[in-house]
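The values are calculated or read from the model by the stated rules, or taken from the named source; none is laboratory data. Every value quoted in this text rests on a predicted model; they were computed, and no experiment measured them. Every residue, glycine as well, gets a Cβ built from its backbone with ideal geometry; the counts of neighbours run over all protein chains shown.
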Amino acid sequence: MCNIAGYAGHRQAAPILLEMLRRQQPYDGDTSTGVAVIHEGKLYYRSIVGDVDTLIRETDVLELPGTLGIAHTRPGANKAFPPMHPNISRNGKIALVTNGTTPMTKYSPGWSEAVNMLDADGYTFVHENESDAEHPRLAKNNHHISTAEARVQLVQYYMERGKTLTEALALSCAHMYSDNISVLISETDPDSIFALRTTRPLTVVMEAGETYLATTRFGMPDGLGEKAVDLPLFHACVIGRDGYTVTPVKMEAEPVAEMTPYTYKEAYKRFEALLQSDAAPMNFDKLEIASVGMRDLWEGDHTYVQHARLVYDMLWQFEQEGRLEREMRVRETNSGLRHRWHFSLKEENA
């Protein structure tokens, strides 16, 4: 899955964001990388097909000014496609990164309705190609439109109709409801990061006039992961250098089951068995696939559950116990070499 970083503070944001991405990309990411920052009310961004080192080597990303920004590393891309994140609004004032999946569900017709609505208003799309069996058909011409790009254009669309930024974000996420989280920055509010989480994880750490965001505690600077808290579901949150606010603005959606003590207790036993089985070491992808099959850990019959958060929470728990072992493996793909952590588990009393 993709991984996200955010920073609001008093230091230059770009190097901090890149280091946070570097920590996360061996879990899942590194084939498309992007950073967006705001400085003196103006948005700056850089992105590339490749990992953090490629972005640094081939762009001036380390020179970007600003003490507030967001970043993204994506696993699904290759050299034939443009960089996917950050996605930029039509007016060039909003940058959005998103993390999650868009499986075909009962909500899929709403995605096409959203894209058709934007198309009718004259919006165009950078990430557009002919549909195939693996992608939803999101536009009238049966082309595939990136749901991530549609989200940021919807935010502008609703703001043009008088909605506040948090209201526009909630409406955008509701219209494009899926297993997802969206994080954005905007020239209209240059001192804040805005986030809305449906199922995917996002943790926040506040530290002496600085606030960090990451998909996983593993992405936080040294010593900060233990202080991380998870943002709540469905509420638009505003993050600044002095912390974060959970706003009353809430996305309309079906409920998603919360984590319970039973969820964690039973998941611990299942992940322990997986990471000590003959299938180990296992990378994040395989663990996430395994977690999708653990729907019985959540009460109720929901379209989406917090399976990706569960994987990261379990890995973090084993890490805190000193039991998690990592092995870096490299394989060649269409976009180049991919470096991935593979995990196994020490015996409890070893």
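Observations on the structure shown:
- Candidate set: the range 211-230, residues that are in a helix (DSSP H, G or I) and at pLDDT 95 or above; chosen: the one surrounded by the most Cβ atoms within 10 Å (Cβ to Cβ): GLY219
- Looking only at the range 243-270, residues that are assigned to a strand (DSSP E or B) and charged (D, E, K, R) come to 1 in all.
- Some residue of the range 298-307 being at pLDDT 95 or above, over 26 Å from GLN25 (Cβ atoms) and not hydrophobic (A, V, I, L, M, F, W, C): no
- Odd one out for THR166 among (1) farther than 18 Å from VAL97 by Cβ; (2) surrounded by 20 or more Cβ atoms within 10 Å (Cβ to Cβ); (3) among the hydroxyl-bearing types (Ser, Thr, Tyr): (1)
- Scanning the range 147-204 for residues that are over 14 Å from the mean Cα position of the chain (by Cα) and charged (D, E, K, R) gives GLU160, ARG161, LYS163, GLU167, GLU187, ASP189, ASP191.
- Exclusive hit being in a strand (DSSP E or B), outside the structural domain of GLY50 (by TED's automatic domain parsing) and either over 23 Å from the mean Cα position of the chain (by Cα) or of a type in the set (Phe, Trp, Tyr) (or both), set GLU299, GLU325: GLU325
- Answer residue from the range 176-210, given it is part of a strand (DSSP E or B) and hydroxyl-bearing (Ser, Thr, Tyr) and is nearest to TYR44 (Cα to Cα) among those: SER186
- Filter result for PRO86 (within 30 Å of VAL292 (Cα to Cα), surrounded by fewer than 19 Cβ atoms within 10 Å (Cβ to Cβ) and assigned by TED's automatic domain parsing to the domain that holds ASP222): no
- Filtered residues of the range 79-124 (kept if of a type in the set (Gly, Ala, Ser), out of contact with any Lys or Arg (no Cβ under 9 Å at 6 or more places or on another chain) and in a loop (DSSP other than H, G, I, E, B)): ALA80, SER89, GLY92
- Hits in the range 328-350 - residues which are of a type in the set (S, T, N, Q) and in a strand (DSSP E or B): THR333, SER344
Residues are listed down the side, and each one gets a yes or a no for (1) in contact (Cβ under 8 Å) with a residue 40 or more places away in the chain; (2) of a type in the set (Lys, Arg); (3) surrounded by fewer than 16 Cβ atoms within 10 Å (Cβ to Cβ):
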| site | (1), (2), (3) |
| --- | --- |
| MET251 | yes, no, no |
| VAL256 | yes, no, no |
| LYS265 | no, yes, yes |
| ALA273 | no, no, yes |
| LEU287 | yes, no, no |
| ALA308 | yes, no, no |
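- When the range 330-350 is filtered for residues that are modelled with pLDDT of 95 or more and more than 19 Å from the chain's Cα centre (by Cα), the ones remaining, listed by number, are HIS342, PHE343, SER344, LEU345.
- Evaluating SER172 against the criteria (1) of a type outside the set (A, V, I, L, M, F, W, C); (2) in a helix (DSSP H, G or I); (3) surrounded by fewer than 18 Cβ atoms within 10 Å (Cβ to Cβ) leaves one unmet condition, (3).
- Note on the range 14-29: among residues that are touching a residue at least 60 places away in the same chain (Cβ under 8 Å) and hydrophobic (A, V, I, L, M, F, W, C), the one that is nearest to VAL61 (Cα to Cα) is ILE16.
- Residue within the range 36-47 that is of a type in the set (A, V, I, L, M, F, W, C) and either over 22 Å from ALA168 (Cα atoms) or surrounded by fewer than 24 Cβ atoms within 10 Å (Cβ to Cβ) (or both) present: yes
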